[in-house]
Structure formats: structure tokens, C-alpha cells
Amino acid sequence: MRVIHRDSLVCVAASVLMWAPLAFAQQSTSNKPAKTSTARDGDAKKSAELNLRLDRLIQLARSASPEVAADVLLTIVSSKLVAEKKTKIDLIEDALRLASQVREPVRRKSTGLAVDTKAGYKEMAFDLGLDKLSLQSKAVAGMIQLDSLRARTMFGEISPPAIKPLTCEDSLVYDLDSYYQAMLSIAEQSFSNEEKKNAAHIQFLSDRLEEMNSVAQVTSGVKVILNAKTSADELALLARVFAKALDRISTDPRSFAYLMDRDSFVSSVQKLILKLKERELPTNDLANATKRFLLKNMTGDVCADAGWIKRGQPSLPAMVEHLNADIGIPITTDDIRPASFGPRATDVSYWSTPKSKAILKAAKELRFGGGTQQLTPEQRQTEEWSRKLRDLLELIDDWDSGSEASEDDYFQQKCNTYRLLVDLCPDDLQRDSVLRAYGGYLDESNRKYKGRIEWILQVKEYLRALRWKSAEMQKSSLEPWLSANDASLQAYGELTLLMNAKI
């Protein structure tokens, strides 16, 4: 997990499913000895075994929860496990179908910067891209290189879910970037040259931009226009469409607070205005529509924790001051007086209960000793350190969900503690002991969290912890999953081993 506060436990690393092939020195083919028939037979046997394992993995994935199934199938397509075009297309079609069945409709982000919170962990889980819209968009993007016309049809079959305005109490906001990125890829890669001559791809973008109806969409929309390859006339058209859309969008105090505090909407609009100027195109419509959009959202109901509210009073954000240079009549502080204030976002801070505080303290002792510098591997190889590790594992065993605000909070904190200990253990013997406890807990908790992205996040973090182990040790650690009566665990375990196999 990302470390924001001193009490944070660990840094979240990249997904275990990301891998890179080893680089081998180039050799002249003329100097390579011809393979013997025995070697060729061995290669054929190995290839057949891998194909059988891959077929089994695909069947396992199709039996797993929709989130796991779509994730595994799309990972197979993007890997070197499959070469045949038709097989890849079939797997993407399956993933698209499965995506319509997943639990979460759209990706979301935390409104705050702190990571050790319920919303912070939820954002990390959403970062896996296993919500319906992200999976559908990923399937479309994967299809473009295989069948661009089919990809365009697929995109036409999906649409952003209905985005209802949030309340100021909400600690998560919507993120539709994946959909708009797929939209731009379709416009640029799935239209023929003849269609582009007739500006069919620009009409496609224009139609999608006209459909914007939420504050949560505007930053993604303006980025599409910025990144699109357009002529001057095409750019002017898209800018006009976007400006008109801004006037139609209803207010949403929580999404707008995020847009101003942590998003790049105003700076993106400024870049678009500059692009229009460089093409000697008019900018008044866009600048004035942006001004109206800002004033409408800054003078209605405003969340009390919005960044431009200081001690209950509005202050003009620096980004708006910069935008004023492109507006006929600048926005002033007097123009942004809110009609009313909504409450602050509601979130749950972790490591704040007596039990979790004790576990955090013991974990920090293992990591830092009594000081502020992280202990070296050598300093973690003493009998005293091993005793403290055993004591902490006993604390974890005695930890139950009743001591935390909710079962979900308990699950996230317990998994995070295991993950830290795996990283801290100085030798394989201790590490394997923690991994067994960690893996067993994930197996046990799957009965409750089946298919939920919070559980999948922790599964992938467990697999990440195995990344430096030998193939034999990985297989040994994953054996309980491979023999478990659960398709999701089996699928992720088998995928990890196949991705690491020499193909």
C-alpha cells in the first residue's frame, strides 16, 4: 500500500499478473546446432502439456466469479500464452459477456489522500479495473488490434451506467476514464481512411460527448478532445459540443469538490484553450461555458471539506485565477459564495481500535525496532526478532472481527498485516510460515467475499509476495489453492504458474 502516514504498513506493488520475459543474448542461427529428434520430441511434449494446462485454466476461469473469470481471460489474451487470433477473439468475447455480470458497475476513487481508510483500500481494489465499465472497455481495447470493426460494434453495445449525483457524505467518486480512453482508441483505430475523410470518426466522438450528463465525466471528456488527432475544423466542432454539454450538466457537490481538489479539469480546459489559440480558433464559447459551469457548482450546495473552502469561507483557487486570463469578466471571490454547505465526507480510519493499535505497534517494532530506521535483514535474523514475530502471529490469531468497526475493516487490516510480515521475514522458513497463514485466511474468507474486488486485491497481493520464489516453491505455496474446491483460487494459482513457465 502507498505510505501516506508514518503509521502506514506497506507499499502496494504492481499486480502479480504483470510479468516480463527474460532477455537472452542473441546468437547467430548459423552457429546453432540442429535440434535432435529427441529434443524436438521433448519440445512437442512440453507444448502439448502447456496447451492442456491452458485449456484447463480457461475452463476454471469460466467457472469462477465473473470478476475473476473476465480478469483471467483478458490476462491470457494479453500474454504470450495464446498466439491464435481466433482463440484470442473468442476469449475477449467471453470476457465481455462476463463483464456484464460483475458486482461493481463503475470504477471509483477516494475523495481523500489518506490510504489507511476504508475508502483508501476500496480505491486500491478499484484500481484493478474489475468493475463492469472498466472490463468492458478493456475488452474493446483488446479487440481493436484483432478485429477493429467488431471492436466498434462492441463499444456501441456498452455505455456508462447512470451516474447519480453524490452527496457530500460520500467518500468515493466515479472514475470513467477507461470508457473515454476506449472511445478515443475506437475513433482513431477502427475507422477506415475513407470514413475518416468524411469525418465519421469525429461524428462518433461528437455523439459520445453530447451524451455527457455528469460532473464525473467532464475531465475525461476534455482529455479526449485534447488527445484526438483533428484538423482545425474538427477541433472547433468538438470544443463547441463540449461547451454545450457543460451547460447541460447538473450540479454534484461531491464530484465537483473532487474535480477541483484532485482532478485536472481546469488545467485540461486551459490546455484546450491554448490548442484552439494555436490553431487560430475562437475560444470564447469554451471559456464562458467553463466559467458558467464553475460558478453554478461553486455557488450552490458546496461540501464543507472542498479545498477552496477555508474556515467556512470561500477562497479563489489558484487554477481559477489562471483561467481568468482567458475569461472576459474574471471570476472573483465574491462570485463564489455558496448557497449552503454540506457535510464532510464520511470515512473509517484504520488502526484506530485498541486491538488494531496493538497489532500495528507490534508490527512497527518488527520493522523499526525501537528507532526510526527500518531494520536491516541482518538485524531481523536474531532470536529476539523471531520471538517478536511469533508473538505478533499469536496476536493475529486472537484477533477477531468483533473488535473492529466492521467485518470488511477487519479483513483489510488483517491481510495488510500478513502482507507486511511476508516482506519483513528475513528467510524462507519464516516467510513460508506467514504465507501459509495468509493463504489459508484468503481461502477461508473467500466464502464470504467471493468475487468482491477487495478480496481479489488481497489475492493478488499474496501472489505478488511469491514473485521472487522459485517455480518449485511457488507451486508448493499455491498447492492448497490448486487443490481447493474453489475455481477462483484455482484459476489465479494456475495462471501464476503458467505465466512463469518457460514457453
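The values are calculated or read from the model by the stated rules, or taken from the named source; none is laboratory data. This is a predicted model, so every value here is computed, not measured. A quick note on method: Cβ atoms are made from the backbone with ideal geometry, for glycine too, and the neighbour counts reach across all protein chains shown. For accessibility, only protein heavy atoms count, side chains too; no ligands or nucleic acids. Shrake-Rupley method; radii C 1.70, N 1.55, O 1.52, S 1.80 Å.
Gly112 meets all of the listed conditions (1) open to solvent by less than 80 Å² (accessible area, probe 1.4 Å); (2) within 27 Å of Tyr449 (Cα to Cα); (3) out of contact with any Lys or Arg (no Cβ under 8 Å at 6 or more places or on another chain); (4) modelled with pLDDT of 95 or more but one, namely (4). Residues satisfying the criterion are absent from region 80-87 (criterion: of a type in the set (Gly, Ala, Ser), in a helix (DSSP H, G or I) and either within 28 Å of the chain's Cα centre (by Cα) or under 13 Å from Tyr492 (Cβ atoms) (or both)). Taking region 196-224 as the range and being among the aliphatic types (A, V, I, L, M) and either under 23 Å from the mean Cα position of the chain (by Cα) or open to solvent by 60 Å² or more (accessible area, probe 1.4 Å) (or both) as the test, the residues that pass are Met212, Val215, Ala216, Val218, Val222, Val224.
Within region 321-341, restricting attention to residues that are part of a loop (DSSP other than H, G, I, E, B) and within 15 Å of Ala287 (Cα to Cα), the residue that is most open to solvent (accessible area, probe 1.4 Å) is Ile329. Does Ala437 count as open to solvent by 10 Å² or more (accessible area, probe 1.4 Å), at pLDDT 90 or above and assigned to a helix (DSSP H, G or I)? It is true that Ala437 is open to solvent by 10 Å² or more (accessible area, probe 1.4 Å), at pLDDT 90 or above and assigned to a helix (DSSP H, G or I).
Among the criteria (1) among the polar types (S, T, N, Q); (2) out of contact with any strand residue (DSSP E or B) (no Cβ under 6 Å at 6 or more places or on another chain); (3) closer than 30 Å to Ser255 by Cβ; (4) open to solvent by less than 70 Å² (accessible area, probe 1.4 Å), the one Ser401 does not fulfil is (3).
Of all residues being aromatic (Phe, Trp, Tyr) and assigned to a helix (DSSP H, G or I) in region 440-481, which is nearest to Asp428 (Cα to Cα)? Just the residue, please. Per the stated criteria, the residue is Tyr462. For region 445-474, a residue qualifies if it is farther than 17 Å from Leu495 by Cα, at pLDDT 90 or above and either open to solvent by 50 Å² or more (accessible area, probe 1.4 Å) or basic (Lys, Arg) (or both), and exactly one does: Arg452.
Conditions (1) part of a loop (DSSP other than H, G, I, E, B); (2) open to solvent by less than 40 Å² (accessible area, probe 1.4 Å); (3) within 30 Å of Asn198 (Cα to Cα), marked per residue:
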position: Lys229; (1), (2), (3): yes, no, yes
position: Phe256; (1), (2), (3): no, yes, no
position: Ser267; (1), (2), (3): no, no, no
position: Leu272; (1), (2), (3): no, yes, yes
position: Asp285; (1), (2), (3): no, no, yes
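The residue that is farthest from Tyr410 (Cα to Cα), among those in region 475-503 that are of a type in the set (A, V, I, L, M) and surrounded by 20 or more Cβ atoms within 10 Å (Cβ to Cβ), is Leu495.
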